[in-house]
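Visitor: One structure coming up, written as structure tokens, with questions to follow.
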Amino acid sequence: MPYDPELDKRLKEWKCEETGLVLAIHRYGEGEAKLQVGPRILKKKDGSPRAPVKAGRLTIEDVLWLYDVIDEVKEELQSLAGPSRARAFEKPEATWKLSQEKGFGSRSRRVRYSNRRCQRSQCLAW
């Protein structure tokens, strides 16, 4: 099936005024809603927008702005996710308890801990 631009919908958008970075939630047809990081929409000297460019590497300003809006982005994605995707948003502890109940061995415990989503304070410490 060829790409149909009419099926590609932008559901929500956030823009960093400082750096021009854009975050947007898109959905193609009846598919899953996904987050797109980029492009950057920079401004000309006269204040009008330039053509969009790739987001590229994120600066500290981008990261701090992303840190401020990420909870809102997560809530929006959760509200758009269907019930089959609800498990993806469980806390890591709930997943760990589930693996213990099913009797997985120590190897899977190591995998569970290494694949665990990091908390904000841990992410910023890296």
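Visitor: Loop only per DSSP, at most 13 neighbouring Cβ atoms within 10 Å: give me the chymotrypsin sites (Phe, Trp or Tyr not before Pro) in the range 1-32, ordered by residue number.
Guide: Of the chymotrypsin sites (Phe, Trp or Tyr not before Pro), the ones in loops of the range 1-32 whose Cβ has at most 13 other Cβ atoms within 10 Å are Y3.
Visitor: What residues qualify as long-range amide H neighbours of L21, i.e. H under 5 Å apart, gap of 5 or more or another chain, H built at 1.01 Å from N?
Guide: Correct list: C16, I41.
Visitor: Calculate, axis by axis, the spread of Cα positions in the range 1-87 along the three principal axes, and write the results as whole Å, longest axis first.
Guide: The Cα atoms of the range 1-87 stretch 46, 32, 19 Å along their principal axes.
Visitor: Here's a follow-up. Name the residue farthest towards the positive end of the dipole of the range 1-87 from the options P2, I70, Q36, assuming +1 on Cβ of Lys and Arg, -1 on Cβ of Asp and Glu, about the Cα centre.
Guide: My answer, from the dipole projection, is P2.
Visitor: Amide H neighbours of L11 under 5 Å, counting only residues 5+ apart in sequence or on other chains, H built in-plane at 1.01 Å?
Guide: I25, H26, R27
Every number in this text was worked out from the coordinates using simple rules, so none of it is lab data. The model shown is predicted, which means the values in this text are computed figures rather than measured ones. A quick note on method: Cβ atoms are made from the backbone with ideal geometry, for glycine too, and the neighbour counts reach across all protein chains shown.
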